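Notes follow the structure.
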Amino acid sequence: MAVLALLLTLPLVLIIACQLIVVGGASGRHFDALTALPPNHVGLVLGTNKFVARGRHNAYYTQRITAAAKLYKAGKVEFLLVSGDNRTSHYNEPVTMKRDLVAAGVPKEKIACDYAGFRTLDSLIRAKEVFGQSKLTIISQRFHNERALFLASANEIEAVAYDAGTGNFPQGKTALREILARAQAVLDAWVLRTRPKFLGERISIGG
């Protein structure tokens, strides 16, 4: 019985440990106050779908676009790198983000697109190895920023993050996905040493 109990509780203990590792690793490096955020050359906007079920607008997407435009206009970043999924000709997160950032007042020449940011890990490593940015500002919701900051540190990227929207942890299915994603992040960083699906030739941002 003791062995069975251990086998049943061990996965839960490991998942909880991963949550603590991610949160602890991000402590003091994500900000929700613009005045406290250190400036950087590039802000990395992590992609998500603009729409959710039944064509409703995704609040996470809107908050990220609003925050990214705000940081640019405040001089907290000089350029924005929008990174996301480009799986089909009808689904292209970077192009959609760039279009909406331009509509929000960011000059198009100040926005670079990463079309192979299929995962947060891919977006971060590609920002460093393809776009040459080993120091950057991550722009997403707080719960996502915590995981992104952990992955940034694991890949020797000096990063801070700006928390878009509310600081509340998500609920329901999104919460479960994030809990599992944090466990996967620790596994990717410390055990598997996972690499992006695609890399490619170097691309300069801002000369």
| task | Given the options N86, N58, N49, state which has the largest fluctuation in a GNM of the chain using a 10 Å cut-off (strictly under) for Cα springs. | result | N58
| said: Using the basic label-point model (7 angstrom from Cα toward the beta carbon), what is the H41 to Y91 distance in nanometres? | reply: 3.4
| the stretch 152-207: proportion of alpha-carbon pairs further apart than 16 angstrom, % | 67
| request: Sequence neighbours fewer than 8 away in the same chain don't count; with that in mind, list the lysines whose C-alpha is under 26 Å from K173. | output: K50, K197
| said: Suppose the chain between Q171 and I15 were pulled fully straight at 0.36 nm per residue; how much longer would it get relative to their current alpha carbon spacing? | reply: 54.4 nm
| request: Taking the Cα centre of the stretch 1-142 as origin, sum charge times position over the Cβ atoms of Lys and Arg (+1) and Asp and Glu (-1), and report the length of that vector in debye to the nearest 20. | output: 340
| message | Run the paramagnetic zone check for L192: 7 angstrom along Cα to Cβ, then residues of the stretch 111-152 with backbone nitrogen under 13 Å. | response | 119-122
| Within-14-Å neighbourhood charge of R182 [Cβ basis; K, R +1; D, E -1] | +1
| remark: Of the candidates N155, G25, V130, the farthest towards the positive dipole end of the chain (Lys/Arg Cβ +1, Asp/Glu Cβ -1, centred on the Cα centre) is V130
| message | Please list, by residue number, every one of the GluC sites (Glu not before Pro) in the stretch 135-183 that is coil in DSSP and has at most 15 other beta-carbon atoms within 10 Å. | response | E156
| task | Just tell me which aspartates and glutamates come within less than 15 Å, Cα to Cα, of K135; anything on the same chain fewer than 8 places away is out. | result | E78, E156, E158
| remark: Applying the gyration tensor rule to the Cα atoms of the chain (axes a ≥ b ≥ c; rounded if a/c under 1.5, else prolate if a/b exceeds b/c, else oblate), the class is prolate
| request: Read phi for every residue in the stretch 164-180 and hand back ³J(HN,Hα) as whole Hz from Karplus 6.51 cos²θ - 1.76 cosθ + 1.60, θ = phi - 60°, with x for Gly and Pro. | output: 7, x, 6, x, 5, 6, x, 10, x, 4, 5, 5, 5, 4, 5, 4, 5
| Which value, in debye to the nearest 20, gives the size of the charge dipole of the stretch 93-136 about its Cα centre, when Lys and Arg are +1 and Asp and Glu are -1 at the Cβ? | 100
| query | For the stretch 137-158 and the stretch 4-77, what is the separation of their C-alpha centers, rounded to whole Å? | reply | 7
| note | In nm, the gap between the two label points placed 7 Å beyond Cα toward Cβ at K110 and R202 is 2.6
| note | Given a 1.4 Å probe, the accessible area of the chain per residue, as a whole number of Å², is 52
| note | DSSP beta bridges in the chain: the antiparallel percent, rounded to 5, is 10
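The values are calculated or read from the model by the stated rules, or taken from the named source; none is laboratory data. Just so you know, these numbers come straight off a predicted model, no measurement behind them. In this analysis, Cβ positions are derived from the backbone assuming ideal geometry, glycine residues included, and neighbour counts consider all displayed protein chains. Surface accessibility is based on the protein's heavy atoms, side chains included, excluding ligands, DNA and RNA. Shrake-Rupley method; radii C 1.70, N 1.55, O 1.52, S 1.80 Å.
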